[in-house]
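The values are calculated or read from the model by the stated rules, or taken from the named source; none is laboratory data. Computed from a prediction, not measured in an experiment: that's the story for all the values here. For neighbour counting, all protein chains shown are included, and Cβ atoms are generated from backbone atoms with ideal geometry for every residue, glycine included. Calculation scope for accessible area: heavy atoms of the full protein, side chains included, ligands and nucleic acids excluded. Shrake-Rupley method; radii C 1.70, N 1.55, O 1.52, S 1.80 Å.
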Amino acid sequence: MKHKIFYNKKLGLIIIISLLMVSIWISSLMIPIYGGSDSYTIEVKARRFAYEPDRIIVNQGDRITFKVTTLDITHGFYIDGYDVDLLVEPGKESVVTIVADKPGKFKIRCSVTCGYMHPFMVGELVVVENGINIVFVLSILIALLTALVSMYYVWKRW
Amino acid sequence: MASSKFREFLSSLLTHKTKFDVLQIDFIRRITTHRAFQFSVIFPNLLIFWIIIVAGLFGGPVGNRNISVIFVWILWWFALISILVPFASRIWCTICPIPFFGEWIQRRSLVTKKNEKLYGLNKRWPRRLDNIWLQNMGFLLIATFTPLLVTRPVVTGIMLALLFVVATILMLIYAKRVFCRYVCPVGGFLGLFSMFSSLELRVNDRELCKKHITKECIRGGDNGYGCPWLVYPGTLERNNFCGLCLECIKGCPYNNISLNIRPFGSDILVKGERAIDEAWKSFIMFTLAGIYILVMQGPFIFFKDLARFFWVPPYGWGFTYVTNYVMYAGLVWITSLAIVPAIFFVFTALSKLLSGSKEISYKKLFIDYSYELIPLSLMAWIAFSVPLLLVNWSYIANVISDPLGWGWNLFGTAEIAWKPLFPEYIPYIQVVLLIIGLVYSIKFGFEISMENFRDKSLALKAFIPQLAFMILASIFFLWLFVG
Ligand SMILES: [Cu+2]
């Protein structure tokens, strides 16, 4: 048979176990962490079709107040997973405060149709712990581990 | 009888121990061998395309409020890359209406099998163009204008209308479906990624075909036309150029054609037809997955401003919108045609050095190994497409009620508010997809290595740089998703 790895039950098992591990890990990340961290304000300027700053990196647990204004027309300010959806109108300042309790990368999206490239108007909120993006680091580790294990099995099967 | 077939089918899905021919299921055989089958799937699709083109040309200008952009670039694209190609090969080509008029004129018949002599000039396709370079270039051209295409309905409408015109003209000049096989910009990557698909059309018994003189599958028979894709099923080993029109199933007097469910990626190890044009297709798709995710789904102001066609940046670098867009086009073309292939070549040269082999040429290794990227690349594209649907599903509901963006509300869904579906989990879905791609790429990469070096430890040494390339590329994608 040509496609040995595919028929390999052990490999299937390993894939299932690693998927399980990933899902347990994800659910553990979604449990919020509260408690003693910095409070500060970040000023965000929305314009067609980007946010400035385009990548906002904060520490997990920080209490952040976003003050969002627009440089041109009406935009939105929606943060994935943080239940934030602001309307940002010209000449006004929209304010929201969140506690960055979940780690990882969360897209900031424009929620008001603002022109041609509106669906691509995206920013990023990256929640790190002591400067380390654990979601990224763990993803790399899992990828490396999976690569190693599949390498081992391909090697064994020949 | 039927239930045992079905059980066999289920167990084949679970174990992948055997291939399973879905034509063994009576119902499927009866449908697919019916002459009206293809017409009845193409015709409704033709009507949808007609609505999409009309909406594109005459509807409102805002992309996410017009059915053309939403249906083509969100719904169609997602279904194509995430479901149809991985699970059903080129089944899109079965229902694609673009060659409808050309084929109708050629055959002068919509349903019934008539004379095999096709109408039109019936020229042969030039040998120099008997490759997928036209499709490579066509896809890059479309990629260059993607920021316009996916945001401006009129551009999408014009492109689709143009595809109909070009297809029909080419089919009047050349015999059969040369447009689909050599020109259609979608066809190139459908061919490449269908190698990974879990469905294939093959013959059961090759010996039978060898001895069979009349060969209805290429010459045409009582109930089926000769293959419009210029493919001879008798020796078919790869999905790349089989458009699943199913004419050969209808034509074969021995019922020797099967439509198999099979393990993913089987065609990647077929050596016979590997070629440099496909290697480049592999690089183009791999690179563009990265560029698209970076530019469209990333936050970076610099890239977003590059991709804006009609815009003069305020940061005073002396750019006009022309130079701006030229830089974007340059990014697309140079990275995918030169930079990524060059980096891959360096890794392949390392493979050759580490193996110490003198017999195998750089070129052969370079071409062979390029196929290992197909699973990773396909999974990266699926990862790119998942958020398109999860974030923008409400637009689909909106445009169904208001297809032209003129303020209609046909089904009461025009005002459904934009609300992404569990967007905080999208990055994790993307990570999982990418890792699945990496596993398959490693599996096929090592087998390609084995096939070249025979000796297990040589193959491993040679594969180490390939593994490094794939892991580095994966880390880049992981960075895009969660970094
Ligand atoms: Cu906006």
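For this structure, a couple of remarks:
- Qualifying residue in the range B:125-147 (condition: open to solvent by 20 Å² or more (accessible area, probe 1.4 Å), assigned to a loop (DSSP other than H, G, I, E, B) and within 17 Å of B:Tyr292 (Cβ to Cβ)): yes
- Qualifying residue in the range A:23-37 (condition: at pLDDT 70 or above, more than 22 Å from A:Asp101 (Cβ to Cβ) and open to solvent by 30 Å² or more (accessible area, probe 1.4 Å)): no
- Scanning the range B:171-200 for residues being over 20 Å from the mean Cα position of the chain (by Cα) and open to solvent by less than 30 Å² (accessible area, probe 1.4 Å) gives a total of 2.
- Residue count for the range B:338-367 under the criterion of being out of contact with any helix residue (DSSP H, G or I) (no Cβ under 7 Å at 6 or more places or on another chain) and part of a helix (DSSP H, G or I): the result is 8.
- Of all residue pairs spaced 6 or more apart or on separate chains, those with beta-carbon atoms under 8 Å, a first member in the range A:46-57 that is farther than 16 Å from A:Val88 by Cα and a second member that is within 13 Å of the ligand (Cβ to nearest atom) and of a type in the set (A, V, I, L, M, F, W, C) are A:Ile56/A:Val44; A:Ile56/A:Ile108.
- Considering residues of the range A:84-109 that are closer than 15 Å to A:Arg55 by Cα and not charged (D, E, K, R) only, the residue nearest to the ligand (Cβ to nearest atom): A:Ile108
- Qualifying residues in the range A:110-154 (those that are more than 7 Å from chain B (Cβ to nearest Cβ) and under 30 Å from A:Thr74 (Cβ atoms)) - the one farthest from the ligand (Cβ to nearest atom): A:Val127
- Condition met for B:Leu163 (touching a residue at least 60 places away in the same chain (Cβ under 8 Å), part of a helix (DSSP H, G or I) and either open to solvent by less than 20 Å² (accessible area, probe 1.4 Å) or among the acidic types (Asp, Glu) (or both)): no
- Qualifying residue in the range B:51-72 (condition: more than 14 Å from chain A (Cβ to nearest Cβ), open to solvent by 40 Å² or more (accessible area, probe 1.4 Å) and over 29 Å from B:Asp305 (Cα atoms)): yes
- Condition met for B:Thr112 (within 14 Å of chain A (Cβ to nearest Cβ) and not in a helix (DSSP H, G or I)): no
- Failed item in (1) within 14 Å of another protein chain (Cβ to nearest Cβ); (2) part of a helix (DSSP H, G or I); (3) surrounded by fewer than 20 Cβ atoms within 10 Å (Cβ to Cβ), with B:Ile293 passing the rest: (3)
- The numbered conditions (1) over 20 Å from B:Asp21 (Cα atoms); (2) open to solvent by 10 Å² or more (accessible area, probe 1.4 Å); (3) aromatic (Phe, Trp, Tyr) are all true for B:Tyr232 except (1).
- If the condition is being within 18 Å of A:Ser39 (Cβ to Cβ) and open to solvent by 10 Å² or more (accessible area, probe 1.4 Å), then the range A:63-92 contributes A:Arg63, A:Thr65, A:Lys67, A:Tyr82.
- Residue selected from the range A:93-109 under the condition more than 10 Å from chain B (Cβ to nearest Cβ) and surrounded by fewer than 21 Cβ atoms within 10 Å (Cβ to Cβ), by the criterion nearest to the chain's Cα centre (by Cα): A:Asp101
- Residues in the range B:264-290 that are in a helix (DSSP H, G or I) and without any contact (Cβ under 8 Å) to a residue 60 or more places away in the chain: B:Thr287 only.
- Only one of the numbered conditions (1) over 14 Å from the mean Cα position of the chain (by Cα); (2) within 14 Å of chain B (Cβ to nearest Cβ); (3) among the hydrophobic types (A, V, I, L, M, F, W, C) is violated by A:Phe66, and that is (2).
- Residues (closer than 26 Å to A:His118 by Cβ and touching a residue at least 40 places away in the same chain (Cβ under 8 Å)) located in the range A:58-71: A:Val58
- Selected residue [within 14 Å of chain A (Cβ to nearest Cβ), at negative phi and of a type in the set (Phe, Trp, Tyr)] from B:Phe164, B:Phe145, B:Phe139, B:Phe179: B:Phe145
- In the set A:Val154, A:Val112, only one residue is more than 16 Å from the chain's Cα centre (by Cα) and farther than 30 Å from B:Ile416 by Cβ; that residue is A:Val154.
- Residue within the range B:461-473 that is small (Gly, Ala, Ser) and either within 28 Å of the chain's Cα centre (by Cα) or at pLDDT 95 or above (or both) present: yes
- Qualifying position, being open to solvent by 10 Å² or more (accessible area, probe 1.4 Å) and of a type in the set (A, V, I, L, M, F, W, C), among B:Leu438, B:Leu467, B:Leu434: B:Leu467
- Residues being over 20 Å from B:Met296 (Cβ atoms), away from the ligand (no atom under 15 Å from the Cβ) and not in a loop (DSSP other than H, G, I, E, B) - total across the range A:47-83: 8
- Counting only residues that are modelled with pLDDT of 70 or more, open to solvent by less than 60 Å² (accessible area, probe 1.4 Å) and over 25 Å from B:Cys96 (Cα atoms), the range B:4-50 holds 1 of them.
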